[in-house]
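S.K.: Dropping the structure in here first, questions after.
The values are calculated or read from the model by the stated rules, or taken from the named source; none is laboratory data. Note that the coordinates shown come from a computational prediction; the quantities given were computed from them, not determined experimentally. Here the Cβ is made from the backbone with ideal geometry for all residues, glycine too, and neighbour counts use every protein chain on show. Ligands, DNA and RNA are excluded from the accessible area calculation, which covers all protein heavy atoms including side chains. Shrake-Rupley method; radii C 1.70, N 1.55, O 1.52, S 1.80 Å.
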Amino acid sequence: MIQSMTGFGKHVIQLPTKKITIELKSLNSKSLDLNARMPSAYREKELELRKLIAHELIRGKVDFGLYIEYTGDETSAQINEGVVRQYMKQLESIAQGEDVLLMEMALRLPDALKTDKDDIDDAEYAAILETLKKAISEIQKFRSQEGQILEKDFVERINTLESLLEEVKTMDPERQSTIRERLEKAIADLKANVDANRFEQELIYYLEKYDITEEKVRLANHLNYFSKTLESMDSNGKKLGFICQEIGREINTIGSKANYAPMQQLVVQMKDELEKIKEQMLNVL
């Protein structure tokens, strides 16, 4: 089952003196691009948290936020007065406002609070890990739901491509007859004596250049392979993308060999369907 790279996950846990909130948001990306936001006191654990996120989410542009809200009567956090005043000064240079409003805005900015606590105790870190794992579970659930929508769209478009391919197969004998008639008429218009055997040999050679039998077989195989890959347990957007490239190559070859307007119209429709698949494929994990 495929998964989308688009997703959102959030989980909150309440400790005796603080509330821990973790948010994960992801969009499509060729690789993992992880941006982390957390209080400076928790930076020592950032590498471990990044590894856990990278292992589970694999790909995507991911925003990770760790937010700590102190709810107990006692707290080791204090207002970082110098930083807050500097924030207020910068904010006032941008827009005029009352000191109270400027201070409220400044307190939301990074490092507005400082803590005398040097280390995160084991119980708190265990709570952070538990919260992160549940947030990851939420975003994976979201990704799976989005993946089901993408899968349904892919199945419909692959079915359309298979229907168009059947039309190409049905039309092919008519196309070959039309090409043959066109060549015979061109020779007749020359009003020249032509060796019948030699003409037949050249005609066969010419028709072989426009034969699309191999392309029809390969395209059918690629469409079938795409469907089977779509049904696999793992989400593999890169593999599906490679199959799309092969599908596009066969469609293009059929178009270049067609030399028949009705078939070229079918090829245009096939290209349009494939392009829509490729656009959505950018979101597949």
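S.K.: Kindly identify region 3-96 as rounded, prolate or oblate by the Cα gyration tensor criterion: order the square roots of the eigenvalues as a ≥ b ≥ c, call it rounded if a/c is under 1.5, otherwise compare a/b with b/c, prolate if a/b is larger, else oblate. Show your work: numbers first, answer last.
M.R.: Working: a/c = 2.40, a/b = 1.46, b/c = 1.64.
Oblate, because a/c is 1.5 or more while a/b does not exceed b/c.
S.K.: When the helix-only estimate is applied to the chain (DSSP H runs of n ≥ 4, each -39,500 (n - 2.57), divided by the residue count), what is the mean residue ellipticity at 222 nm, nearest 500 deg cm²/dmol? Spell out each step's value before the answer.
M.R.: Details: 8 runs with 180 residues, N = 285.
My calculation for the chain gives -22000 deg cm²/dmol from helical runs alone.
S.K.: Right, next: Express the carbon and sulfur contribution to the solvent-accessible surface of the chain as a percent, rounded to the nearest whole number, probe 1.4 angstrom. Please report the intermediate quantities before stating the final value.
M.R.: On the way: 8690 of 17280 Å².
Carbon and sulfur together cover 50 percent of it.
S.K.: Under 10 Å, Cα contacts only: if you run a Gaussian network model on the chain, which one of Pro173, Pro16, Pro262 comes out with the highest mean-square fluctuation?
M.R.: Greatest mean-square fluctuation among the candidates belongs to Pro16.
S.K.: Name the residues whose placed amide hydrogens come within less than 5 Å of the amide hydrogen of Thr17, ignoring near sequence neighbours (fewer than 5 apart) on the same chain.
M.R.: Under 5 Å from the amide H of Thr17: no residue qualifies.
S.K.: Related question: Under 5 Å between amide hydrogens, which residues at least 5 positions from Ala36 or on another chain qualify, with H placed 1.01 Å from N in the peptide plane?
M.R.: Amide H to amide H, under 5 Å and 5 or more residues apart or across chains, Ala36 pairs with Phe64.
S.K.: Among the lysines, which have Cα under 29 Å from the Cα of Lys276 when same-chain residues fewer than 8 positions away are ignored?
M.R.: Result set, ordered by chain and number: Lys25, Lys30, Lys61, Lys141, Lys152, Lys169, Lys216, Lys228, Lys238, Lys239, Lys257.
S.K.: How long is the gain from Lys134 to Leu282 if the chain were fully straight, where each residue apart is worth 0.36 nm and the alpha carbon distance is subtracted? It would help to have the intermediate numbers written out before the result.
M.R.: On the way: separation 148, 0.36 × 148 = 53.28 nm, distance 2.63 nm.
Result for the pair: 50.6 nm of gain on full extension.
S.K.: Calculated FRET efficiency, Asn259 and Phe8, Cβ-Cβ r, R0 51 Å, to nearest 0.05?
M.R.: Details: r = 51 Å, r/R0 = 1.00.
Working from the Cβ atoms, E equals 0.50.
S.K.: Name the long-range amide H neighbours of Leu113: under 5 Å, sequence gap of 5 or more, or other chain; modelled H, no Pro or chain starts.
M.R.: Asn80
S.K.: So, one more: Given the options His55, Leu132, Thr160, identify the residue whose Cα lies farthest towards the positive end of the charge dipole of the chain (+1 on Cβ of Lys, Arg; -1 on Cβ of Asp, Glu).
M.R.: Thr160
S.K.: Under a 1.4 Å probe, what is the accessible area of the chain per residue, stated in Å²? Kindly include the intermediate steps, with their values, before the conclusion.
M.R.: Numbers: 17280 Å² over 285 residues.
Roughly 61 Å² per residue, with all protein chains present.
S.K.: OK, next. Compute the distance in nm between two label points, each set 7 Å from the Cα along the Cα-to-Cβ direction, one at Leu183 and one at Ile204.
M.R.: Once both label points are built, they end up 1.1 nm from each other.
S.K.: Pairs of alpha-carbon atoms within less than 8 angstrom and 6+ residues apart define the contacts here; what relative contact order does the chain have, in percent?
M.R.: Values: 364 pairs, mean separation 75.5, N = 285.
Dividing the mean separation by the residue count of the chain yields 26 percent.
S.K.: Determine the relative contact order of region 20-70: mean sequence separation of Cα pairs under 8 Å and six or more apart, normalised by residue count, in whole percent.
M.R.: Details: 76 pairs, mean separation 32.9, N = 51.
Computed over region 20-70, the figure is 64 percent.
S.K.: OK, next. Setting aside same-chain residues fewer than 8 positions from Lys89, which lysines have a Cα under 24 Å from its Cα?
M.R.: Within the straight-line cut-off, Lys89 pairs with Lys114.
S.K.: Do you know the relative contact order of region 134-261, to the nearest whole percent, from alpha carbon pairs under 8 angstrom that are 6+ apart? Please report the intermediate quantities before stating the final value.
M.R.: Working: 47 pairs, mean separation 42.0, N = 128.
The normalised contact order for region 134-261 reaches 33 percent.
S.K.: Can you give me the Cα centroid spacing of region 138-197 and region 20-61 in angstrom?
M.R.: The two parts, judged by their Cα centres, are 45 Å apart.
S.K.: Related question: Could you identify which residue out of Ala258, Ala95, Ala106 has the top mean-square fluctuation in a GNM of the chain using Cα springs shorter than 10 Å?
M.R.: Ranking Ala258, Ala95, Ala106 by mean-square fluctuation puts Ala95 first.
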